[in-house]
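The block underneath contains the structure these notes are about, expressed in structure tokens.
Read the figures in this text as sums done on the coordinates, not as results from a lab. Since this is a predicted model, take the numbers as computed values, not measurements.
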Amino acid sequence: MRRYILLFFLCLGILATGYAQSKSEKLKSNKKKIEAEIASTQKLLNQTSKNKQASLQQLSVLRRQISNREELITSLNNEIFSMEEELDLNIKLYKELDKKLEYMKTDYSRIVYLAYKNRNMIDKVAFLLASEDFSQMFRRIKYYTIFANDVKRQVVLIKQTQEEIAKKNEEILQLKEEKTALLEGKEKEIRQLEIDRNNKTKATEALKKQEKQLASELKSKQQKRRELDAAIKKAIQEEILAANKKKAAANKKSSSSSTAGKTTTSKTEITLTPEEKLISDSFVSNKGKLPWPVLKGAKISEFGNYPHPDVPSVMIENKGIDILVEPNTPVRAVFQGEVAGVLDIMGTKVLMIRHGEYLSVYQNITNVNVKKGDKVSTKQTVGTVSKSTRSNTYELHFEVWKNSTNLNPSSWLSAR
């Protein structure tokens with residue numbers, strides 16, 4: 001009974017260890033993703049720090065980097081805690097295996113003692129010949145066979161258990177080494193976080209000295225942004241109107257004159273074909289799961305109206321989000337659709353892709369390799385992020401529209 005109880009707890013220990021290992025793997029995967037984000041953001045920091053005019057961008061990237069490092073430290077804490085749990089489980093399992101080995105050795109000693117007592121072949125033959133009949137003799141022969149096999153099996157089990165103990169001991173040592181490395185990594189990230197915070201404080205203080213100049217520049221930039229937003233909205237309304245007129249003409253051609261006379265066109269809502277309705281519905285079903293328009297980059301401004309985080313006297317009016325990227329970064333379509341237009345607006349190239357009644361808008365791009373009417377697939381490269389004339393950095397402006405209504409792109413894109 002004692003042996004079965006021990007076996008039960010061993011099985012529980014193995015299951016718990018498996019769960020802890022699975023949890024640890026997920027934490028490691030999350031840590032790698034955050035570390036990759038930090039490495040990418042660090043390149044952007046190096047890029048912005050070379051340009052004095054990009055100091056506001058530098059602050060935005062520093063905020064993002066500080067957030068990344070805080071998230072990484074939290075992830076490291078979780079991984080260390082998980083590893084401590086796994087380590088405790090392994091130590092308990094090691095002890096249980098050691099107990100199991102002691103019980104097995106005790107049993108084996110008893111078997112060896114019995115084998116020693118019955119070592120004389122003459123005694124065995126006499127024992128067999130003393131049988132009352134052949135049936136009893138057969139049972140006695142079977143007894144000796146089972147006894148011999150039990151001895152062999154016990155030897156094998158002892159050897160297997162010893163190997164399990166050795167393996168478990170190696171796992172414990174490896175976990176201790178990994179835990180030490182994690183603790184060292186955590187200390188390094190804490191030090192780097194403090195450096196980033198100090199750099200942000202210095203950059204903020206430097207900006208305060210030129211706040212009036214920055215406020216003037218930002219107001220000018222905001223005015224240009226409003227003009228650009230108005231031009232984009234006008235282009236979207238014209239696209240909706242043109243698409244509806246084209247469909248109305250097609251309907252008029254294929255239907256009777258009495259029915260065609262009732263056809264109306266709208267510049268605010270697009271009339272969908274059955275195929276476009278499917279794409280539109282699919283776009284909606286993927287809300288919060290769409291891929292980002294660039295593979296790597298740091299979001300430096302949010303959607304909506306809010307005071308600038310570094311120059312509060314200036315109100316930001318943003319119809320989309322802005323993503324700072326490295327040079328030569330490809331721009332990707334966030335979903336399948338049809339190119340609604342490639343426009344040159346106020347010195348910047350704007351690409352619009354229609355997904356049923358929804359549109360994704362990509363502004364400040366170059367090397368556009370698609371044209372109006374082209375079908376595009378999800379994640380298809382459609383161009384490259386262009387250099388900003390104001391800051392000499394590379395910044396993509398991205399928007400999402402439903403017909404002529406502006407939406408928050410962040411709620412449509414997947415978590416990074």
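Structure summary
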| quantity | calculated |
| --- | --- |
| Kirkwood Rh, angstrom, the stretch 219-411 [1 / mean 1/r, Cα pairs] | 17.6 |
| Debye intensity ratio I(q)/I(0), log10, the stretch 332-416, q values 0.23, 0.26 Å⁻¹ (C-alpha model) | -1.20, -1.41 |
| Exceeding the 21 Å Cα-Cα cut-off - candidates LYS105/LYS168; LYS319/LYS375; LYS92/LYS168; LYS233/LYS379; LYS224/LYS379; LYS349/LYS371 | LYS319/LYS375; LYS233/LYS379; LYS224/LYS379 |
